[in-house]
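A.B. asks: Got a structure for you, questions after.
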Amino acid sequence: MKNFIIPALLMLLSACSDNAVDTPPSKTTPPSIEWQKCFGGSSEDFTSLIKQTNDGGYIIVGGSESNDGDVSGHHGDSDYWIVKLTSGGAIDWQKCFGGSGSDWASSIQQTSDGGYIVAGGSESNDGDVTGHHGSSGTMDYWILKLNTRGSIEWQESLGGSNRDYATSIQQTSDGGYIVAGYSSSNNSDVTGNLGGSDSWIVKLTSTGSIQWQKSLGGSSDDSAESIQQTSDGDYIVAGGSESNDGDVTGHHSSSDTMDYWIVKLTSGGAINWQKSLGGSGYDLANLIQQTSEGGYIVAGQSDSKDGDVTGNHGGHDYWIVKLASTGSIEWQKCFGGSGWDQYTSIQQTSDGSYIVAGYSSSNGGDVTGNHGGYDYWVVKLKIP
């Protein structure tokens, strides 16, 4: 099975966020970088996500193996590493969380009380981590609730005896949390596994207790990469599936190749509708967001050239799909060149268009100005 943890290539941060992005300068006025910073220590340090905070600063989440430089409080192996920056890029505070095993944070959101909710995976059962369900070599979902200064208010290990990894978390309208990821377990907190790894969705109360949990998928490997509560109080989930049975229909290729898998859940976790999107190649959705008119924008990568996918430039392209509220395709576009083009973030902008970011090794097709190897590649899409 594919390892779904994809560290960022760099810790080079500019003044950006997952919040709405203003219209960028015209093509005749190149954008300027206000500031850039490198953070870390003498070992490996990676970022998974950066978001703007209510005070105009930024919160970064990822993992660190360091215990020097900017990093202090390391517990062993890799820890969750969370860094709060000011609006100018200075470190306000930083925290390492974890134990003696490998701990990796993938998702963070500022909560309504000004604190933070964090999700990822942990192999530890010591240090900050209690309640681990498997052996020391397997991951649980590990959820942290932090206060405004990064101190732990509560923590929960969720999972079973096999590998469980949380990729996305969001506070819900009732003050609780919705968590998505993947699980190969079928015991302890996890029930209903359909084979291989399933998309595992967990609804938590405001204090971290499980309200409900659902295993979604089929007999092959399935993963949830992104979840969002929708305007009707339900949930939209995006990820990938190799299955064509169980909950999954419409898969486009063989059982060892992924499609985008989009699932609309009711507020109680029942499937409202599901869609398999892709072609005969590898297609994985990393993010989904509800759009202003009630549809959905889905982003990820594809190397398919058939099925739902047209316009692939070679290798992996960014693949952006616009869905209606019922899940039908309104439009789809491939962006990239002959090299490897890896999507990481998309946001609808204030003018109704989309800004897309990732990295690319291409220097042809849609990509110009590559400096060598992988570059950041940012695309502004104008929607007719």
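A.B. asks: Confirm whether SER151 is crowded, with 22+ Cβ neighbours inside 10 Å and either at pLDDT 95 or above or on the phi > 0 side of the Ramachandran plot (or both). Walk me through how you get there before you give the answer.
C.D. replies: Numbers: crowded, with 22+ Cβ neighbours inside 10 Å: no; either at pLDDT 95 or above or on the phi > 0 side of the Ramachandran plot (or both): yes.
No.
A.B. asks: Considering only residues that are surrounded by fewer than 19 Cβ atoms within 10 Å (Cβ to Cβ) and within 19 Å of SER345 (Cα to Cα), look in region 291-314 and name the one that is modelled with the lowest pLDDT.
C.D. replies: Here the answer is SER292.
A.B. asks: Could we say that PHE46 is at pLDDT below 90 and of a type in the set (A, V, I, L, M, F, W, C) here?
C.D. replies: Judged against the criteria, PHE46 is a match.
A.B. asks: Then there's this: Can you pull out every residue in region 334-359 that is in a strand (DSSP E or B) and touching an Asp or Glu at 6+ places or on another chain (Cβ under 9 Å)? Write out each step before concluding.
C.D. replies: Keep residues of region 334-359 that are in a strand (DSSP E or B), which gives 334-335, 341-348, 354-359.
If the condition is that a residue be in a strand (DSSP E or B) and touching an Asp or Glu at 6+ places or on another chain (Cβ under 9 Å), then CYS334, PHE335, ASP341, TYR343, SER345, GLN347, GLY358, TYR359 are the ones that fit.
A.B. asks: Restricting the search to region 268-290, which residues are among the hydrophobic types (A, V, I, L, M, F, W, C), surrounded by 16 or more Cβ atoms within 10 Å (Cβ to Cβ) and closer than 23 Å to SER255 by Cβ?
C.D. replies: Quick first cut of region 268-290, residues among the hydrophobic types (A, V, I, L, M, F, W, C) only: 270-271, 273, 277, 284-285, 287-288.
Right, trim to surrounded by 16 or more Cβ atoms within 10 Å (Cβ to Cβ) and you get 277, 284-285, 287-288.
Scanning region 268-290 gives LEU277, LEU284, ALA285.
A.B. asks: Looking at (1) more than 21 Å from the chain's Cα centre (by Cα); (2) of a type outside the set (D, E, K, R); (3) within 21 Å of SER325 (Cβ to Cβ), find the lone condition where GLY218 falls short.
C.D. replies: (3)
A.B. asks: Another question, then. Cβ-Cβ under 8 Å, sequence separation 6+ or interchain: first residue in region 251-273 and at positive phi and part of a loop (DSSP other than H, G, I, E, B), partner among the basic types (Lys, Arg) and at pLDDT 95 or above. Which pairs?
C.D. replies: From residues that are at positive phi and part of a loop (DSSP other than H, G, I, E, B), the pairs are GLY269/LYS203; GLY269/LYS214.
A.B. asks: Report yes if some residue within region 226-241 is β-branched (Val, Ile, Thr), surrounded by fewer than 19 Cβ atoms within 10 Å (Cβ to Cβ), within 18 Å of GLN171 (Cα to Cα) and modelled with pLDDT of 95 or more; otherwise report no.
C.D. replies: Step one: of region 226-241, the residues β-branched (Val, Ile, Thr) are 227, 230, 236-237.
When the remaining residues are screened for being surrounded by fewer than 19 Cβ atoms within 10 Å (Cβ to Cβ), the result is 230.
Checking the rest, the ones that are also within 18 Å of GLN171 (Cα to Cα) come to 230.
With modelled with pLDDT of 95 or more added as a condition, the list becomes 230.
Yes: one or more hits.
A.B. asks: Could you name every one of the strands (runs of 3 or more DSSP E) located completely within region 91-139 that has at least 1 residues being hydroxyl-bearing (Ser, Thr, Tyr)? Working first, answer last.
C.D. replies: Numbers: elements: 91-97, 103-110, 116-122.
Output list reads 103-110, 116-122.
A.B. asks: Here is a follow-up. Please determine whether any residue of region 154-165 is crowded, with 16+ Cβ neighbours inside 10 Å, under 17 Å from ALA238 (Cβ atoms) and of a type outside the set (A, V, I, L, M, F, W, C). Step through it out loud before you land on a result.
C.D. replies: Of the residues in region 154-165, the ones crowded, with 16+ Cβ neighbours inside 10 Å are 155-165.
Subset that is under 17 Å from ALA238 (Cβ atoms): 165.
Right, trim to of a type outside the set (A, V, I, L, M, F, W, C) and you get 165.
The answer is yes, given that some residue of region 154-165 is crowded, with 16+ Cβ neighbours inside 10 Å, under 17 Å from ALA238 (Cβ atoms) and of a type outside the set (A, V, I, L, M, F, W, C).
A.B. asks: What residue, of ILE152, ILE178, ILE210, is closer than 14 Å to TYR80 by Cα and touching a Leu at 6+ places or on another chain (Cβ under 8 Å)? Talk me through it step by step, then tell me what you get.
C.D. replies: Values: ILE178 fails: closer than 14 Å to TYR80 by Cα; ILE210 fails: closer than 14 Å to TYR80 by Cα.
Among ILE152, ILE178, ILE210, only ILE152 is closer than 14 Å to TYR80 by Cα and touching a Leu at 6+ places or on another chain (Cβ under 8 Å).
A.B. asks: Here's another thing I want to ask about it. Give the number of residues within region 166-206 that are under 17 Å from ALA270 (Cβ atoms) and surrounded by fewer than 20 Cβ atoms within 10 Å (Cβ to Cβ).
C.D. replies: Final tally of qualifying residues: 3.
A.B. asks: Show me the strands (runs of 3 or more DSSP E) entirely contained within region 165-249 in which 2 or more residues are within 26 Å of TYR343 (Cβ to Cβ).
C.D. replies: Working: elements: 177-183, 198-204, 210-216, 222-229, 235-241.
Of the strands (runs of 3 or more DSSP E) lying wholly inside region 165-249, those with at least 2 residues that are within 26 Å of TYR343 (Cβ to Cβ) span 177-183, 198-204, 222-229, 235-241.
A.B. asks: Look at THR368 and say whether it is within 17 Å of GLU293 (Cα to Cα), surrounded by fewer than 18 Cβ atoms within 10 Å (Cβ to Cβ) and of a type outside the set (A, V, I, L, M). Outline the logic, then answer.
C.D. replies: On the way: within 17 Å of GLU293 (Cα to Cα): no; surrounded by fewer than 18 Cβ atoms within 10 Å (Cβ to Cβ): yes; of a type outside the set (A, V, I, L, M): yes.
No; evaluated as a whole, the condition is false for this residue.
A.B. asks: Hey, another quick one. Tell me which residues, restricted to region 140-164, are among the charged types (D, E, K, R), part of a strand (DSSP E or B) and within 22 Å of the chain's Cα centre (by Cα). Explain how you work it out, then say what you get.
C.D. replies: Step one: of region 140-164, the residues among the charged types (D, E, K, R) are 140, 145, 149, 153, 156, 163-164.
Imposing the further condition that a residue be part of a strand (DSSP E or B) reduces the set to 140, 145, 153, 156, 164.
ASP140, LYS145, GLU156, ASP164, listed by residue number.
The values are calculated or read from the model by the stated rules, or taken from the named source; none is laboratory data. Predicted model only: the values in this text are computed from it and were never measured. Backbone-built Cβ (ideal geometry, glycine too); neighbour counts: all protein chains shown.
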